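Heads up, the thing below is written out as structure tokens.
Any read-out appearing in this document is the output of simple, stated calculations on the displayed coordinates, not a laboratory observation. Remember, it's a predicted structure, so these values are computed and weren't measured experimentally. Note that we place each Cβ from the backbone using ideal geometry, even for glycine, and neighbour counts take in every protein chain shown.
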Amino acid sequence: MTEMNISRAQSHAPLWPSLAALVLATGYLIALLAAEEQTLIIGLLAAAVVVVVAANYLGVSDAVSRSFAEHEDAFSFCAIAAAFAVAAYFHDNHFVLLLVVTVILYIVATLGLNVQFGYSGVLNFAGASFFGIGAYTSAVLNAHTAVPTLLVVLIGGVCAAVIGSLLLLPVLRTRGHYAALVTIAFALLFKTFLEVNDVLGGPQGLQVGGMNILGWSFNDNLSIGSIDLSFYLNYFLVSMLLLIGAFVLVRRLERSWIGLNLDALRLDETAAGCFGLNIARWKIVSFTLGNLLIGMAGALFGMVGSFIAPNNYTFADSLILVSILLLGGIGNLWGVVVATIIVVIVPEKLQTIQEYRFLIYATLVIAVLLFRPDGLLPRPVRRYFPGARS
Amino acid sequence: MIEAVTTTTAVHSPILEARGLTRQFGGVVALDSLDLQVNANEILGLIGPNGSGKTTFFNVITGIYQPSGGTVTFENADVTGASPQKMYHAGVSRTFQRSRLSLPLSLFDNIMIGNHKRLNQGLWFNLMSRSAFKDEFEKNYQATRALLEIFSPPLVKRIFEPVATLPMIDRRRIEICRALISEPRLLLLDEPSAGMTHDETAELMNDILLVREQKKNLTIVIVEHEMGMIERITNRCVVLNFGRKIADGPYRSVAADPLVQEAYLGTSV
């Protein structure tokens, strides 16, 4: 009965506008990933900006977002299918598949950061360090133990969460900027520690053994009949599983009393405390859960890249994770997906701007904060069971 | 018009009692060995000039500030220096002088923040057993609608809109709903009419009397500068000045007290 009341308030939007947008975006992404010539890539990027601005201006994006809001579950399945379509198209292309896997694992890490920063407001400027903890865990475990590699991914996350708990005391005792400084200090310490510590390879880094499930070695190329497949497809499958799991988990978290608790303590600690909220407990839950996701993504990413070094986990890399979150729209999971695709793929394809990468990120973040402070896709008001009908 | 309900039963059993309650901020004594008794089921007006310690009293009672001295008893249990969380669980809830709603969150979310102690906070329940969660959500959704229906039926339709879109009077209503949803025993209202027009104040006053009618065993302490409101809705008034109680009694006798007039208007030279 109530569900009917809720849905009656909305006008019934059909599924097709959001689906059409998804098909268009997927086709565009394939074209962009396949493009080699710099002028073509610049043209494609410019075209995307024009199309998005025009869609906004003509009200098309309103129709798309209404359709999306009402059919989010159906849309999610289509988005998964779209990811598989992209992977299938580039089935023998190592470079593109590695890029796709990178995007997926960065999304997982940023989802973790979103739980911390977006929901409970605990700033974490050491995201790359926790990512690195996961990666180093898998390097060490794969080299010296026979722990099943799938379990290694989980252990990588647990290690990040446990080491993160060292930071809990200073993070809980400080607020706002000061808590952020604690995490910045940790990021700097972490990199220095790795560089001077020869056990973990020092500045030269470590090899990471590939993934292996019951004799199925992920680092061997496959073939189906006469079609050759890149070994990165293995990693694509596992990464997608991790992403789907992480996305469902964070989504459910947001649409529960826990998500409400985290929002309440971010927005007004005093008021939340006056209504019984145990501030420390919920900060710990969000910080630990976030680091778990970041660490799991890092552990898998270490195996994908097969080589890690301290320079991959600098403070600057942590800032990239934060800028993805700001660009996408803090607290909006789909915003994270869109922003990660932009931030990871564009500099990789646009070789001419590679060196200016950080300059461009910085400009982008400032522009977003000035002109669209809620990000590309602002977070909508929480609905616990959106679009549900009894 | 709804008249103030005078409770003749159990007037003198105290629900909250402060003895010698003191709170200092450096050299400033905000509460100066205050003895104050709140009787069960009454509406008590707490009045006094600016800086007389009314809000400090609320903040000490609800655990935001620790007392520098004295004791607080709530329902015969010693709660001196208890945390805000503990006071909330004991059955005390409040509104704030300057609205402290979570503006980007919906009406429903804001009211649910006040229902914290009655919501299942388990990780497994929230993340994994979604159908059990849905049942609890449904129950609370209906309860929230029913509460909004009392205060302002038009707000029911806006239950999933951000509070930021509401005018001041509706925000106050949401704040009162947030404080009421967990069915507290004692409700502390800190200047509910602040920042509102005369008409809005009158509307809000009706709301409070309405709550009083619906929930017979709710005790209310209200801090207010709007004397018309105090006169109409309170059973008893306590006047504070410089953190001390200078008068105690029905509004008419308190208002006639020369000490009170002096506190508000100053002494003639």
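With a simple spin-label model that places each label point 7 Å from the Cα along the Cα-to-Cβ direction, the separation between A:A55 and B:F25 comes to 5.2 nm.
Pairs of Lys residues in chain B are counted when their Cα atoms are under 20 angstrom apart and they lie 8 or more places apart or on different chains; the count is 7. Once Rg and the Kirkwood radius are both taken over the C-alpha atoms of chain A, their ratio Rg/Rh works out to 0.96.
Treating only the Cβ atoms of Lys and Arg (+1) and Asp and Glu (-1) as charged, compute the dipole magnitude of chain B about its Cα centre; round to the nearest 20 debye. Write down the numbers at each step before the final one.
Numbers: 28 positive and 29 negative charges, 146 e Å.
It works out to roughly 700 debye.
Neighbouring Cβ atoms from other chains, within 10 Å of the Cβ of residues in B:154-161, number 2 on average. Mind running the shape call on region A:1-89? Use the C-alpha gyration tensor, a ≥ b ≥ c as the square roots of the eigenvalues: rounded below 1.5 for a/c, prolate if a/b tops b/c, oblate otherwise. Verdict is oblate for region A:1-89. Taking the longest Cα principal axis of chain B as reference, the axis of helix B:168-180 is set at about 80 degrees.
Descending by average beta-carbon neighbour count within 10 Å, the peptides B:177-183, A:210-216 line up as B:177-183, A:210-216, the highest first. For region A:194-210 and region A:299-352, what is the separation of their Cα centres, given in Å? Spelled out, the Cα-based centre of one part sits 22 Å from the other.
Rounded to the nearest 20 Debye, what is the dipole magnitude of the protein assembly as shown about its Cα centre when Lys and Arg each give +1 and Asp and Glu each give -1 at the C-beta? Could you put the intermediate results ahead of the total?
Working: 46 positive and 49 negative charges, 163 e Å.
So the dipole magnitude of the protein assembly as shown works out to roughly 780 debye.
Extents of the protein assembly as shown, taken as max minus min of Cα coordinates on every principal axis and listed largest first, are 99, 57, 48 Å. Stokes-Einstein diffusion of chain B at 10 °C, 1.306 mPa s viscosity, Kirkwood radius from Cα pairs, rounded to a whole number: 81 µm²/s.
For chain A, averaging the sequence separation of C-alpha pairs within contact (under 8 Å, six or more residues apart) and dividing by the residue count gives a relative contact order of 28 percent. Annotation: region A:250-390 has a Kirkwood hydrodynamic radius of 17.4 angstrom, from the mean reciprocal C-alpha pair distance. Helix B:130-151 and the long axis of chain B differ in direction by around 40°, with both axes built from C-alpha atoms. When A:I279, A:I107 are sorted by how many other C-beta atoms sit within 10 angstrom of their C-beta, beginning with the fewest, the order is A:I279, A:I107. May I ask which residue of A:A299, A:I342, A:F358 lies farthest towards the positive end of the charge dipole of region A:286-386, with charges of +1 (Lys, Arg) and -1 (Asp, Glu) on Cβ and the Cα centre as origin? Working it through, the farthest residue towards the positive pole turns out to be A:I342.
The Cα atoms of region B:102-168 cover 38, 22, 18 Å along the three principal axes, with the biggest extent listed first.
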